[in-house]
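Worksheet: one structure, shown below.
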Amino acid sequence: MNTRLRLVADRSATTARPPHEEPLHEEPGPGAARCLGLYAKLAAGVTVVTARGEDGPLGMTVSAVTSLSARPPLLLACLRDGSRTLAAVRSRRTFAVHLLREEQEELAGRFASPTTSAAERFAGTDTRQVLGVPVLAGALAWSVCLTEDVRRYGDHHLVVGRVAAVHVGPGRPLLWHDRRFGTLTEPVPGAAG
């Protein structure tokens with residue numbers, strides 16, 4: 001048993017917890033602002049997750065996407081609780097993940113803006129349908145996934161998708177670090193220079 005688990009176990013043994021309280025609120029640790037400071041230092045590729053909603057395509061910028069398994073091919077994406085894109089992923093059971101190119105910062109910002117409508121997010125983008133899901137044709141790479149599992153953790157949901165279609169093109173990824181966009185500084189191996 002690690003120290004943190006031992007602390008929680010020892011506390012719960014001595015203190016009766018009302019049934020309506022969540023144990024997360026009682027766990028020791030830093031506040032949200034300190035955690036967000038740590039999270040800001042995590043470098044990530046910038047992705048847009050899209051899905052088909054009842055009224056058309058939906059999408060949002062997501063920085064927490066990672067590979068989960070090669071066999072079977074699984075991706076994991078963290079989507080904000082309450083988002084329309086998450087609702088569409090849950091109901092339609094399919095979604096697409098797009099890794100953006102370094103020159104697609106404006107597109108990333110558009111899909112991240114809470115005041116931009118779904119129609120405005122997709123305006124002027126070259127979009128096609130793959131397995132019924134809107135796919136942004138200009139992305140560095142994309143995959144269409146079949147939803148395997150959705151679980152809530154805190155203010156986000158972990159979405160696990162089985163990769164059903166994939167495309168990888170040449171170029172360099174757009175990155176997110178320290179609350180701003182960035183790019184790689186060293187040359188990409190094999191790129192003409």
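The values are calculated or read from the model by the stated rules, or taken from the named source; none is laboratory data. Keep in mind that this is a model prediction, so the values were computed, not measured. Positions of Cβ are generated from backbone atoms using ideal geometry, with glycine treated the same way; all protein chains shown enter the neighbour counts.
Details
- Residues located in segment 96-141, provided they are charged (D, E, K, R), closer than 16 Å to Gly45 by Cα and in contact with a strand residue (DSSP E or B) (Cβ under 6 Å, 6 or more places away or on another chain): Glu105
- Any chance Arg90 is farther than 14 Å from Val144 by Cα, out of contact with any helix residue (DSSP H, G or I) (no Cβ under 7 Å at 6 or more places or on another chain), at pLDDT 90 or above and part of a helix (DSSP H, G or I): yes
- Pairs where the first residue, in segment 81-107, is closer than 20 Å to His167 by Cβ and the second is of a type in the set (Lys, Arg), C-beta under 6 Å, 6+ apart: Glu102/Arg172
Here is a yes/no grid of residues against (1) surrounded by fewer than 17 Cβ atoms within 10 Å (Cβ to Cβ); (2) not hydrophobic (A, V, I, L, M, F, W, C):
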| residue | (1), (2) |
| --- | --- |
| Pro114 | yes, yes |
| Ala118 | no, no |
| Cys145 | no, no |
| Val168 | yes, no |
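Yes or no, residue by residue, for (1) at pLDDT 90 or above; (2) surrounded by fewer than 19 Cβ atoms within 10 Å (Cβ to Cβ):
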position: Leu5; (1), (2): no, yes
position: Thr14; (1), (2): no, yes
position: His20; (1), (2): no, yes
position: Ala32; (1), (2): no, yes
position: Leu36; (1), (2): no, yes
position: Thr47; (1), (2): yes, no
position: Arg71; (1), (2): yes, yes
position: His98; (1), (2): yes, no
